[in-house]
Each structure stands twice: as structure tokens, then as C-alpha cells.
């Protein structure tokens, strides 16, 4: 069944096609003898109708390309970037047609445009730098829409990359001590990435990042048993949450360290999808602590003077 979004896109394509044909027909109709009485205005009318036909054709081409991108691009980030490039090129070609209609001497226009661009470049340095940074984002891809990133002190999921700024859906933040979304949006100029370190938690090479969680135990605990329980909990959760994903090199690992306050910490290190860090930690603790608490003869926890 055709969705409302698809119907809307088809409507735009049909509309631009009809306008392009209409103005092109109008351009040729004005050559008929009946319009000779308007000969003084005929050249202007023909140029105007031809320009409108070209503009409609440019918008039509842009919409068709967007349909192709939408149907043949798999990732959301790549689709968003290609849409932005297509729309930018559409605007550029439309402006060329408009300038060609308004001015006869394109060489003079080019010189004037160069001088104006030079003046605006000095007057609008920040937006210009942000636009250049957008080109850097598009072609170098430090992040895309859908990625979880940290840029300087800002951390969140990328939901929009425009020509001048980027919007993040904040993760963690001032009021949260976990990796949940805070519900706040962060807007920052694209130019920030040219001077800040960009950490991408959703890189293109691996679906997982590595995280770790510590459990405090006493020195008298059976460390082999503790290691077994925590590894089993992490691997069990992996298979339940990510069915079909081969574990291969993604098995959990456990190591031990001495805590500052004189007890041991059993630290389980495990792979996790960037958006699931808090949930996976909670599930591993639920599974692991249930197994550890079920054997008090093998596992002791810090309590009072017992270490």
C-alpha cells in the first residue's frame, strides 16, 4: 500500500513535470504569428517562460534523484547526506538560471559575484567556516545521522546535519549518571568539529563498543567461580539481545583488581551496542548477582569488618 509520504513525493514529481512541460509549450506557442503584435515584449516573455521551464525541470530532476536515493540507499546517515547534496545542487542550478534571466552579460555578473563573495566571506566568517565544515562532514564522514558521538563535552545521538549546524539528542548530560537520552537537544555550529576531538561510538567498522562493570567481593571468594558466573551472565545476555550475531571475538572477559578500600573488584568486560550500555549493564548484574548470591559458601561480599 502506498504511504502518505510516497504519495506526497509522487505529487511533487508529477507537479514539476507538468509545470516544465507547460512552460516549454508556452515558450513555443509564443512563436505563433498571433503573438506578432507583442513583438516588443516577445523576447522577454520567451526568455521568462524558458527560464521557468528550466527551473521546473531542475526541481523535477532533484526529486527524481531523491526518490532513487531513498530506494537504493540502505543507511540513514548516507541517505541524509545525499539528500543534502542533491538539494544544494538544485538550489545552485536554479540560481544560475535566475541570474542568466536577470543579466545579459554573464561575465560581468561573474566578476560582481566574486567581489560580493569576497566581501561576504569576511563579513560572515563563522557561517562560511561552518559550511566548509559541513563539506568536511559529508566527504570525510566523522559522523552521520544516527551515530552516537562525543564532540568536546557534548555527547548524544546525531539527528540532523544541516549546512551550518548539527543537532544532537543529548545522552547522559547534567542530570543523568547513565547513558540514557535526557530528552534535550544540543545545537552546535559545524565549525566546532574543526577544533574539537570527535569520538564516534557508532563507527562503520564494528557494531559494538566495549564496556565494563565492577562487582565488589571479599578476598575469601572463589575467584574461578566468580569469573565463571559473570562471563556466563554476559554471554547469556549477548545471545538473548543480539540473536544471529556471531560471538567469535566478542566473548566477555573477567579480571580482578584491588579496591582502594581493601576489597576485591571482579570486573566483567563485554561488548555492547552504543545505545544499549545502561540496559546491558543492568541485565548482566541481574543475571550475575543472582548466581553469586545463590552460593554464599563460594562468594563473599564486603559487609561490616568482613573483607
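The values are calculated or read from the model by the stated rules, or taken from the named source; none is laboratory data. Just so we're clear, the structure is a prediction, and the values are computed from it rather than from any experiment. All Cβ positions, even for glycine, are placed from backbone atoms using ideal geometry, and neighbour counts span all protein chains on display.
Given the condition surrounded by 12 or more Cβ atoms within 10 Å (Cβ to Cβ) and over 31 Å from the mean Cα position of the chain (by Cα), answer yes or no: does some residue in the range 275-284 qualify?
No, that holds for no residue.
Can you say whether residue 215 is assigned by TED's automatic domain parsing to the domain that holds residue 258, touching a strand residue (DSSP E or B) at 6+ places or on another chain (Cβ under 9 Å), assigned to a strand (DSSP E or B) and buried (at least 17 other Cβ atoms within 10 Å of the Cβ), as far as the supplied structure shows?
When the stated conditions are applied, residue 215 passes them.
Would you pick out the residues in the range 193-209 that are touching a strand residue (DSSP E or B) at 6+ places or on another chain (Cβ under 9 Å) and in a loop (DSSP other than H, G, I, E, B)?
196, 197, 201, 202, 203, 206, 207, 208 - these are the residues of the range 193-209 that are touching a strand residue (DSSP E or B) at 6+ places or on another chain (Cβ under 9 Å) and in a loop (DSSP other than H, G, I, E, B).
For every residue, the table says whether it meets (1) assigned by TED's automatic domain parsing to the domain that holds residue 88; (2) more than 30 Å from residue 284 (Cβ to Cβ); (3) at pLDDT 90 or above; (4) in contact with a helix residue (DSSP H, G or I) (Cβ under 6 Å, 6 or more places away or on another chain).
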| residue | (1), (2), (3), (4) |
| --- | --- |
| 123 | no, yes, no, no |
| 126 | no, yes, no, no |
| 148 | no, no, yes, yes |
| 170 | no, no, yes, no |
| 174 | no, no, no, no |
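Residue-wise test of (1) part of a loop (DSSP other than H, G, I, E, B); (2) touching a helix residue (DSSP H, G or I) at 6+ places or on another chain (Cβ under 9 Å).
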{"site": "211", "(1), (2)": "no, yes"}
{"site": "224", "(1), (2)": "no, no"}
{"site": "233", "(1), (2)": "no, yes"}
{"site": "239", "(1), (2)": "no, no"}
{"site": "250", "(1), (2)": "yes, yes"}
{"site": "255", "(1), (2)": "no, yes"}
{"site": "275", "(1), (2)": "no, no"}
{"site": "291", "(1), (2)": "no, yes"}
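Among the residues of the range 19-32, is there at least one that is outside the structural domain of residue 158 (by TED's automatic domain parsing), closer than 22 Å to residue 146 by Cβ and either surrounded by fewer than 18 Cβ atoms within 10 Å (Cβ to Cβ) or at pLDDT 75 or above (or both)?
Within the range 19-32, none of the residues are outside the structural domain of residue 158 (by TED's automatic domain parsing), closer than 22 Å to residue 146 by Cβ and either surrounded by fewer than 18 Cβ atoms within 10 Å (Cβ to Cβ) or at pLDDT 75 or above (or both).
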